[in-house]
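These notes concern the structure reproduced below.
The values are calculated or read from the model by the stated rules, or taken from the named source; none is laboratory data. Note that the structure is a prediction, hence the values are computed from the model and not measured. Heads up, the Cβs are rebuilt from the backbone with ideal geometry, glycines too, and the neighbour counts pull from every protein chain shown.
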Amino acid sequence: MRLFVSVDLPATLAEPLEAVQNELSDADSLRVTDPTQAHVTLKFLGDTDPERVEEIEAAIETAVGKSGVDPFDCIIEGLGVFPSLDYISVVWAGVRDGGGAAALSHLHDAVETELTALGFEAESHEFTPHVTLARMDDARGKSVVQEVVRETEPTVGTFRVDSVCLTESMLTDEGPQYETVREIDL
């Protein structure tokens, strides 16, 4: 099983996410994500033995409890890229400071602590709460993406975060398909 821990966006934000993706439609070599499967990844686990699911679920429950995070409102707005505007591999919509970014960071830190204790690899980069909008295959559309990121500040919307999900990612010819394995309430 290919697993990750996420906060899932509601279906009501799929249309505004798609509208932001449409701003990038002139960028060659850009592959957009399915806005109906939008989420904030807290921790990517990768290929995992299905027999470990129960212990992973328990670790996430512990992490949620230790995080001290209660249900909160999350505001998705603004654009960014990884790793930089000079070399773009991912285009994303961000989580506003004061709009849930701190709570998501607390959840990430707690999940990271509990799951690395189980032997999962620690993250090698700082956590930036975001929703992936697209991936770039090569630099052909870089200038379009740079312009959109620099000149637009879209607000996708606000949603209530009241759970964390253990999610399975199944790779298909049409792109990844996600299925919730377990939802853990805050």
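Are any residues in the range 83-100 part of a strand (DSSP E or B) and either in contact (Cβ under 8 Å) with a residue 24 or more places away in the chain or surrounded by 20 or more Cβ atoms within 10 Å (Cβ to Cβ) (or both), and if so, which ones? Break it down into steps so the answer makes sense when it comes.
So in the range 83-100, the residues part of a strand (DSSP E or B) come out as 83, 88-95.
If the condition is that a residue be part of a strand (DSSP E or B) and either in contact (Cβ under 8 Å) with a residue 24 or more places away in the chain or surrounded by 20 or more Cβ atoms within 10 Å (Cβ to Cβ) (or both), then Ile88, Ser89, Val90, Val91, Trp92, Ala93, Gly94, Val95 are the ones that fit.
Does Glu179 qualify as being of a type in the set (D, E, K, R) and loosely packed, with under 13 Cβ neighbours inside 10 Å? So Glu179 passes the test. The condition (being of a type in the set (A, V, I, L, M, F, W, C) and either under 22 Å from Met170 (Cα atoms) or assigned to a helix (DSSP H, G or I) (or both)) is satisfied by just one residue among Val53, Val69: Val53.
With Glu126, Glu147, Glu114 as the choices, which residue is more than 16 Å from Val5 (Cβ to Cβ) and in a helix (DSSP H, G or I)? Full working, then the answer.
Values: Glu126 fails: in a helix (DSSP H, G or I); Glu114 fails: more than 16 Å from Val5 (Cβ to Cβ).
Only one candidate qualifies: Glu147.
Within the range 153-171, does at least one residue satisfy the condition of being farther than 19 Å from Thr12 by Cα, in a loop (DSSP other than H, G, I, E, B) and in contact with an Asp or Glu (Cβ under 9 Å, 6 or more places away or on another chain)? The answer is yes; a qualifying residue exists.
Given the criterion surrounded by 16 or more Cβ atoms within 10 Å (Cβ to Cβ), on the phi < 0 side of the Ramachandran plot, at pLDDT below 95 and in contact with a Ser or Thr (Cβ under 9 Å, 6 or more places away or on another chain), identify the matching residue among Ala63, Ala27, Ala38. Spell out the reasoning first.
Working: Ala63 fails: at pLDDT below 95; Ala38 fails: at pLDDT below 95.
It is Ala27.
Glu77 meets all of the listed conditions (1) in contact (Cβ under 8 Å) with a residue 12 or more places away in the chain; (2) among the acidic types (Asp, Glu); (3) out of contact with any Pro (no Cβ under 8 Å at 6 or more places or on another chain) but one, namely (3). Of the residues in the range 103-114, at least one is in contact with a Phe, Trp or Tyr (Cβ under 7 Å, 6 or more places away or on another chain) and buried (at least 21 other Cβ atoms within 10 Å of the Cβ). When you scan the range 41-49, do you find a residue that is assigned to a strand (DSSP E or B), basic (Lys, Arg) and either touching a helix residue (DSSP H, G or I) at 6+ places or on another chain (Cβ under 6 Å) or at pLDDT below 95 (or both), even just one? There is at least one residue in the range 41-49 that is assigned to a strand (DSSP E or B), basic (Lys, Arg) and either touching a helix residue (DSSP H, G or I) at 6+ places or on another chain (Cβ under 6 Å) or at pLDDT below 95 (or both). Scan the range 1-13 for residues that are small (Gly, Ala, Ser) and either without any contact (Cβ under 8 Å) to a residue 12 or more places away in the chain or surrounded by 16 or more Cβ atoms within 10 Å (Cβ to Cβ) (or both) and the total you get is 1. Across the range 135-165, the qualifying residues are those that are among the aliphatic types (A, V, I, L, M) and over 19 Å from the mean Cα position of the chain (by Cα), and the one among them that is surrounded by the most Cβ atoms within 10 Å (Cβ to Cβ) is Val145.
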